[in-house]
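Enquirer: One structure follows; several queries about it will come next.
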Amino acid sequence: MFGKLSNSDVQGIRRRIDHFMLLSSMLCALFILFLIGYNTSSAVEANVLFPIKLLIYVFDLLLLSKIISTIYFKKPEKLSFYSEIILFLYLTLVIIARIYPPAFSYLDLDALPWLYVGIYAVFIVELSKTSLVFDKFYFNPTLLFVASFLFLILLGTILLLMPKSTVGMRLSV
């Protein structure tokens, strides 16, 4: 099967897989944020969780294909290759725990938070492999340090303003 593909063909396929995994994991991460922070309906939760659970299987198969193609076509020397292996093992462990819960009952790996961690891990790994537009700009390290804290403060404020983050009264800014 791989004998007819050239190295550039495989790299193009890998780029498309990376792009699909980045966009779908970002969409799933936003859905998870919605489920955790805003959703109060169990019907909506069931409808949103089904594609997320399905994508865990898809991500695992895509990671396996990327690992095999990397081993077959080039030497695995990048750190992203090893992160893909660790992520593949993690997702495989979660899938086994979901299919056969008694296997890892003491770890409770079939719980939803483990799926959420897997989705966010796929998103972080795929995001770290992309080149962002910030590469073209020079940032003063002091300004970058302050800006990162401002970003974290803003993110924390947004997360605390979610309806499910408080009990009773809603917070306001």
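The values are calculated or read from the model by the stated rules, or taken from the named source; none is laboratory data. Model, not experiment: these values are computed from the prediction. Note that we place each Cβ from the backbone using ideal geometry, even for glycine, and neighbour counts take in every protein chain shown.
Enquirer: I'd like the full set of residues that are among the β-branched types (Val, Ile, Thr) and either without any contact (Cβ under 8 Å) to a residue 12 or more places away in the chain or buried (at least 17 other Cβ atoms within 10 Å of the Cβ) (or both), limited to the range 18-36. Quick ask: steps written out before the conclusion?
Expert: Residues of the range 18-36 among the β-branched types (Val, Ile, Thr): 32, 36.
The one that is among the β-branched types (Val, Ile, Thr) and either without any contact (Cβ under 8 Å) to a residue 12 or more places away in the chain or buried (at least 17 other Cβ atoms within 10 Å of the Cβ) (or both): ILE32.
Enquirer: Separate question: Just checking, how many residues over the range 42-59 are under 22 Å from LYS164 (Cα atoms) and among the aromatic types (Phe, Trp, Tyr)?
Expert: Here is the first cut: in the range 42-59, the ones under 22 Å from LYS164 (Cα atoms) are 42-50, 52.
Narrowing the set further to residues that are among the aromatic types (Phe, Trp, Tyr) leaves 50.
Total meeting the criteria: 1.
Enquirer: While we're looking at this one, here's another question. Kindly establish whether ASN39 is more than 16 Å from the chain's Cα centre (by Cα), closer than 30 Å to LYS164 by Cα and surrounded by 14 or more Cβ atoms within 10 Å (Cβ to Cβ).
Expert: yes
Enquirer: Out of all the residues in the range 34-75, which are of a type in the set (Gly, Ala, Ser) and not in a helix (DSSP H, G or I)?
Expert: Pass one, the range 34-75, residues of a type in the set (Gly, Ala, Ser): 37, 41-43, 46, 65, 69.
Once the filter is applied, which keeps residues that are of a type in the set (Gly, Ala, Ser) and not in a helix (DSSP H, G or I), the range 34-75 yields only SER41.
Enquirer: State whether one or more residues within the range 66-79 are more than 18 Å from LYS164 (Cβ to Cβ), modelled with pLDDT of 90 or more and surrounded by 13 or more Cβ atoms within 10 Å (Cβ to Cβ). Steps first, answer last, please.
Expert: Filtering the range 66-79 for residues more than 18 Å from LYS164 (Cβ to Cβ) gives 66-79.
Among the residues that remain, those that are also modelled with pLDDT of 90 or more are: none.
Scanning the range 66-79 turns up no residue that is more than 18 Å from LYS164 (Cβ to Cβ), modelled with pLDDT of 90 or more and surrounded by 13 or more Cβ atoms within 10 Å (Cβ to Cβ).
Enquirer: Suppose the filter is in a helix (DSSP H, G or I), surrounded by 16 or more Cβ atoms within 10 Å (Cβ to Cβ) and not polar (S, T, N, Q); does ILE13 pass it? First the steps, then the outcome.
Expert: Working: in a helix (DSSP H, G or I): yes; surrounded by 16 or more Cβ atoms within 10 Å (Cβ to Cβ): no; not polar (S, T, N, Q): yes.
No.
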